[in-house]
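Worksheet: one structure, shown below.
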Amino acid sequence: MRPSKPPPVRRGTGSGLFWDLLTFEHLMTNQVIHLIYWAGLGVIALIAFGFVGTAVGVAWREGQFMGILLAVGVLMGGFLVVGALILLWRSFCELYVALFRLSDDLHAIRQATDAEYSARPVAPPPAPRAK
């Protein structure tokens, strides 16, 4: 079970965010990866619109039954490519989220280990023996 995170220490109005940017105690990637994910989906949507435009252009240029058949093939192939891109992009973003969560877990384990180590009583050194 994951221990609860301590509340962040505030040093001033903007200094907490500034300190987080300078040090790597708190990673911002978990929040930013969602924006990157949606931006990537937007790019993939533009690619999908490009495939639709290509299919319409091929069908319009040919104007015959073979042109329409070719346009349907381009459209289906384009949607298959777009579907594969969506799955790859989602898995890529999930990989990054998993890696950064693993980093957070390792950080929590390190803090717990350091706290346990510092709580141990230090044994005094043995007294020297008389000869």
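The values are calculated or read from the model by the stated rules, or taken from the named source; none is laboratory data. No experiment lies behind these values; they were computed from the predicted model shown. Glycine also receives a Cβ, built like all others from the backbone with ideal geometry; neighbour counts cover every protein chain displayed.
Taking the listed residues Val52, Val9, Val58, Val72, the one that is farther than 22 Å from Tyr96 by Cα and at pLDDT below 70 is Val9, with no other qualifying.
The single residue among Gly73, Gly63 that is on the phi > 0 side of the Ramachandran plot and either without any contact (Cβ under 8 Å) to a residue 24 or more places away in the chain or under 20 Å from the mean Cα position of the chain (by Cα) (or both) turns out to be Gly63. Restricting attention to the stretch 78-106, the residues being more than 19 Å from Trp38 (Cα to Cα) and in contact (Cβ under 8 Å) with a residue 24 or more places away in the chain number 5. Within the stretch 83-102, one or more residues are basic (Lys, Arg), within 30 Å of Met28 (Cα to Cα), surrounded by 13 or more Cβ atoms within 10 Å (Cβ to Cβ) and at pLDDT 85 or above. I'd like to check something: does the stretch 52-63 contain any residue that is in contact with a Leu (Cβ under 6 Å, 6 or more places away or on another chain), surrounded by 10 or more Cβ atoms within 10 Å (Cβ to Cβ) and hydrophobic (A, V, I, L, M, F, W, C)? Yes, there is a match, as at least one residue in the stretch 52-63 is in contact with a Leu (Cβ under 6 Å, 6 or more places away or on another chain), surrounded by 10 or more Cβ atoms within 10 Å (Cβ to Cβ) and hydrophobic (A, V, I, L, M, F, W, C).
Within the stretch 104-122, the residues that satisfy the criterion of being aliphatic (A, V, I, L, M) and over 19 Å from Thr29 (Cβ atoms) are Ile109, Ala112, Ala115, Ala119, Val122. Selection of first residues in the stretch 39-56 that are farther than 15 Å from Gly77 by Cα and of second residues that are of a type in the set (A, V, I, L, M, F, W, C) and in a helix (DSSP H, G or I), restricted to Cβ pairs under 6 Å at least 6 apart or on distinct chains, gives the following pairs, ordered by first then second residue: Gly40/Trp89.
Please work out if Ala39 is among the hydrophobic types (A, V, I, L, M, F, W, C), surrounded by 13 or more Cβ atoms within 10 Å (Cβ to Cβ), at pLDDT 80 or above and out of contact with any Leu (no Cβ under 9 Å at 6 or more places or on another chain).
no
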